[in-house]
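Step one of this worksheet: look at the structure below.
The values are calculated or read from the model by the stated rules, or taken from the named source; none is laboratory data. Values in this document were obtained by computation on a predicted structure and should not be read as measured data. Note: ideal-geometry Cβ built from the backbone for every residue, glycine included; neighbour counts use all protein chains shown. Heads up: the accessible areas ignore ligands, DNA and RNA and are worked out on the full protein's heavy atoms, side chains in. Shrake-Rupley method; radii C 1.70, N 1.55, O 1.52, S 1.80 Å.
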Amino acid sequence: MHEGDTCVSGNSSRTLEEKKSSGRTLGYIFLVLGIATSVGGAIGTYSAAQHNAGVSQAGVGSTRTASAAERRRRPAFFAGQQRSRAQAQQDADADRIAGVRATVMDEGELPPPEQMWGRWAAIAAVLAAGGYEGIRVLSAAALDVELSSGRGGSTLHLLPGGGVVLSGGMASSPEMAAIQDESRPLPALYAGAPAEICDEVLDPRAARRELTFVYWWDPALARWCKGESAAVAEYAWRVVPAFWDTPGAVKMLAAMECVRGQNATAIEAFVDAAVSRTVTREHLVAVLDPMTDLKAGMRALTLAGVAADSAATSSR
């Protein structure tokens with residue numbers, strides 16, 4: 001728990017299912033550009049309908065997990081550092097030869113990429129319209145979250161061929177402590193990762209030795225995978241938007257000052273349209289306060305590729 005954070009749920013050791021099943025705001029105050037904005041679940045509002053995350057560690061085939069001694073001998077890039085394209089290819093080849101395979105994550109620990117992308121983009125667009133940063137559309141292939149005071153953040157990046165990578169870090173995580181204490185074993189974040197996962201698609205924390213988790217979508221398996229990153233329930237859920245389900249995203253958006261919070265039906269329609277990539281100007285008008293920058297919101301939605309028509313960026 002960071003100083004200044006308030007978690008009404010109290011017990012940080014709960015499973016992801018318990019956090020989701022509480023059905024209430026976890027109460028984080030998300031600071032954007034130095035302005036305290038209560039987002040009522042920006043970093044996690046969950047519903048009881050979600051997955052039972054007693055996180056499965058079952059791998060594909062005969063998964064080989066590195067021992068602590070092996071991890072100590074590994075270069076520091078296995079946790080928290082850069083991974084060049086050449087290094088990523090070398091790692092992928094070495095893992096294949098050694099029989100190191102990724103761990104297939106439990107279904108529901110993260111939502112399918114198209115749902116995650118759409119909800120994240122919708123939230124980022126509303127913040128852009130309100131003049132805030134913190135959750136942003138970086139490009140047609142990348143979205144990010146940046147907490148205040150360098151406490152943590154994450155990046156969602158699309159990969160060629162239908163893959164997706166979610167990576168980031170949190171300053172108070174056990175992994176950061178291991179990175180800073182060279183006597184402790186480092187988790188092999190990239191174990192079993194495809195060669196496409198390199199600096200170009202990783203959260204910038206990789207270049208600062210601050211990357212503490214990496215999860216990727218395997219389009220062939222249609223499942224999320226990971227190396228030795230901790231379960232999402234450990235802490236990663238605290239540095240991503242409320243993207244697990246539509247009700248969570250709606251609850252987060254409704255709490256924002258720049259949103260007509262009383263119109264839950266319109267907010268839900270907006271989020272669903274973002275997921276199906278059919279957002280129109282009318283969707284956004286129905287959600288936003290009249291004093292917000294509609295053009296900035298539509299620009300973000302169009303950049304993320306979830307707007308029905310790129311011409312929707314026209315001004316009021």
How much accessible area does Thr292 have with a 1.4 Å probe, in Å² rounded to the nearest 10? 20
So how do Tyr132, Tyr235 rank on accessible area, 1.4 Å probe, biggest first, that is with the largest at the start? Tyr132, Tyr235
Sparse-neighbourhood loop sites, GluC sites (Glu not before Pro) in the range 203-310 - DSSP loop, at most 10 other Cβ within 10 angstrom: none
Rounded to the nearest 10 Å², the 1.4 Å probe accessible area of Val240 is 0
At what distance in nm do the modelled label points of Arg277 and Arg208 sit from each other, each positioned 7 Å from its Cα along Cα→Cβ? 3.2
Given a 1.4 Å probe, how much area per residue of the range 173-313 is accessible, in Å²? 38
If I model a spin label as a point 7 Å beyond the Cα along the Cα-Cβ vector, how far apart are those points for Glu107 and Gln262 in nm? 4.2
Order of exposure, largest accessible area first, which applies to Leu143, Leu159 with probe 1.4 Å: Leu159, Leu143
Gyration tensor (Cα only) of the range 192-309 to equivalent ellipsoid, semi-axes in Å sorted down, yields 32, 16, 15
As a test question: what accessible area, to the nearest 10 Å², does Asp245 have when a 1.4 Å probe is rolled over all protein chains in place? 20
Sorted by accessible area with a 1.4 angstrom probe, largest first, how do Leu138, Leu186 fall? Leu138, Leu186
